[in-house]
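Colleague: This is the structure, below, for whatever I ask next.
What follows draws every value from the coordinates through simple rules; no lab data is involved. No experiment lies behind these values; they were computed from the predicted model shown.
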Amino acid sequence: EGAQLNANTTASKAMYASASQHLAGGVSSSYQLRDPWPIYIDRGHQQTIIDVDGNEYIDFHNGYGSMVQGHANPAIGEAVAARFPLGTHFGMATEDSSIVASELAERWGLAKWRFTNSGSESTMDAIRIARAYTGRDTIMKIFGSYHGHHDAVMVSIGVEYDKIGPREHPASLAYGGGIPQAIVDLTIPVHFNDAETMEKRIVELEAEGRKPACVIMEAVMMNLGVVLPEPGYLEAVREITRKHGIVLIFDEVKTGLTIAAGGATERFGVKPDLVTLAKALGGGLPAGAVGGTEEVMRVVEDHTVYQVGTYSGNPLSMAAARASLEKVLVPSAYEHLNHLNERLLAGCQNVIDKYGLPGYSVGIGAKGCVTFSPTKIIDYPSFKENQDVELSELAWLWNMNRGIYMTPGREEEWTLSVTHQDADVDRYIEVFDEMAAAITK
Ligand code: PMP
């Protein structure tokens with residue numbers, strides 16, 4: 001189809017031109033960009049969004065995986081509407097923050113929590129807590145994983161295949177400009193699904209006098225499509241970090257509240273020392289959290305670490321989070337999400353098998369994707385080496401032109417919401433089948 005966005009997006013095009021006059025690049029986050037111009041959204045209801053041209057889409061982007069509750073969820077709307085006339089910001093705690101903290105403590109089995117406004121703030125604070133707790137500067141992350149936009153973690157993501165470096169010593173590379181080399185050098189990447197090399201690297205760093213304060217990782221990588229942990233991998237990482245006295249941080253900004261009520265921690269039964277949340281926590285309002293064990297979080301309680309923020313624990317966000325946890329993201333929600341995702345994953349896999357496409361479907365909880373690759377992706381190098389970029393791009397365009405809304409980046413997965421129904425995932429499968437038929441005929 002000439003591989004272009006050919007839905008009618010003339011109003012978005014015009015809005016891009018006028019927005020670009022004073023809004024840098026026409027958007028508020030570079031991740032909202034997309035060639036030839038970004039699509040501007042007018043409104044959303046449940047699983048549907050409508051852009052400024054009036055195009056209607058089934059939303060599989062869901063605000064970068066935040067809107068598991070569906071758009072304009074009435075339970076959240078009522079909580080926010082009830083809070084507004086009582087005041088929305090005091091820079092002081094409200095009761096809802098205490099109730100949300102105890103619910104998260106119960107779900108994650110971690111005793112102590114603090115709130116932030118985003119995933120980036122959560123990972124920034126978690127890393128600072130780990131550094132203060134251990135008295136060390138170096139940190140370890142997974143090569144290719146995204147943990148937000150602060151300096152310490154804007155390292156070794158989006159790297160070209162030939163720049164990755166040797167398996168035992170992958171390169172620490174800044175992701176974009178403005179990140180001091182001195183900070184980059186403190187962040188040591190290792191590859192996902194390879195606990196053995198992780199431990200070797202830790203031992204080397206120990207010998208050099210720069211043992212890491214923490215390992216920060218997603219239990220399921222969610223920015224290369226979806227990359228599941230191999231059996232035993234998370235357990236091995238837990239064992240290694242415990243043995244070497246390194247704080248294990250599960251960044252559950254994406255996995256938390258989408259793959260189970262208690263995130264990856266519950267789903268895989270491996271407990272980290274610190275957890276970071278954001279995205280789905282606020283039900284569409286900005287909210288993030290850091291949770292941890294009594295022992296590690298003591299550095300916050302004894303004022304060694306200033307975990308602060310004018311808007312942290314904002315009353316509107318906390319009212320939304322409380323309503324979401326109490327009324328929406330309850331056990332039955334995960335049954336529904338699992339059911340839908342199984343149906344969607346199986347349907348996509350059928351299409352792949354029927355037409356012999358190079359790829360596979362993979363997912364967990366509300367998250368999944370079709371990965372176009374002849375072999376299974378297990379880490380960043382295998383992704384860069386094998387992902388069929390053209391086919392991935394084509395699938396994105398094909399979906400967008402047929403009312404299936406996807407994130408602007410083709411590496412991103414789908415996120416289902418509690419408001420999606422069988423008919424929505426069946427439509428996805430139908431559109432995918434049409435694409436497979438068109439490209440293989
Ligand atoms: N951690 C992970 C795993 C993420 O996916 C993201 C955002 N995509 C972040 C942190 C950063 O969150 P935010 O954009 O809210 O700062």
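Colleague: Kindly provide log₁₀ I(q)/I(0) values, in the same order as q = 0.15, 0.17 Å⁻¹, from the Debye equation applied to equal alpha-carbon scatterers of the range 121-211.
Modeller: Once normalised to I(0) and log-transformed, intensities are -0.55, -0.72.
Colleague: Over the chain, what is the relative contact order in whole percent, taking alpha-carbon pairs under 8 Å and six or more residues apart?
Modeller: Taking the mean separation of contacting Cα pairs over the length of the chain, I get 23 percent.
Colleague: Using only alpha carbons, build the gyration tensor for the range 74-328 and give me the equivalent ellipsoid semi-axes, biggest first, whole Å.
Modeller: Calculated on Cα positions only, the semi-axes equal 32, 18, 18 Å.
Colleague: How many percent of Cα pairs in the range 330-395 exceed 14 Å?
Modeller: Of all Cα-Cα distances in the range 330-395, 61 percent exceed 14 Å.
Colleague: Top mean-square fluctuation among 375, 415, 123, Gaussian network model of the chain, C-alpha springs under 10 Å?
Modeller: 375
Colleague: Pairs 243/327; 200/254; 327/384: which are spaced more than 31 Å apart, C-alpha to C-alpha?
Modeller: Among 243/327; 200/254; 327/384, the Cα-Cα distance tops 31 Å for 243/327; 327/384.
Colleague: Follow-up. Ratio of the range 320-441's C-alpha Rg to 2.2 N^0.38 Å, to two decimals?
Modeller: Ratio of Rg to 2.2 N^0.38 Å for the range 320-441: 1.12.
Colleague: Now, a different point. Straight-line reach from residue 354: which aspartates and glutamates have Cα under 14 Å away, leaving out those fewer than 8 places along the same chain?
Modeller: Candidates past the 8-residue exclusion: 430, 433, 434.
Colleague: Continuing with the same structure: Taking a temperature of 37 °C and a viscosity of 0.692 mPa s, what whole-number D in µm²/s does Stokes-Einstein yield for the chain with Rh from Kirkwood over alpha carbon pairs?
Modeller: Roughly 146 µm²/s, to the nearest whole number.
Colleague: Follow-up question, since we're still on this one. Using helices alone, I'd like the mean residue ellipticity at 222 nm for the chain: each DSSP H run of four-plus residues gives -39500 (n - 2.57), total over residue count, nearest 500.
Modeller: After summing the helix terms and dividing by residue count, I get -12000 deg cm²/dmol.
Colleague: Can you return the aspartates and glutamates within cross-link range of residue 211? Criterion is Cα-Cα under 12 Å, with same-chain partners fewer than 8 residues away left out.
Modeller: Cross-link targets: 137, 199.
Colleague: Work out Dmax and Rg for the range 298-356 from the C-alpha atoms and quote the Rg first, both in angstrom.
Modeller: For the range 298-356, the Cα-based Rg and Dmax read 20.9, 61 Å.
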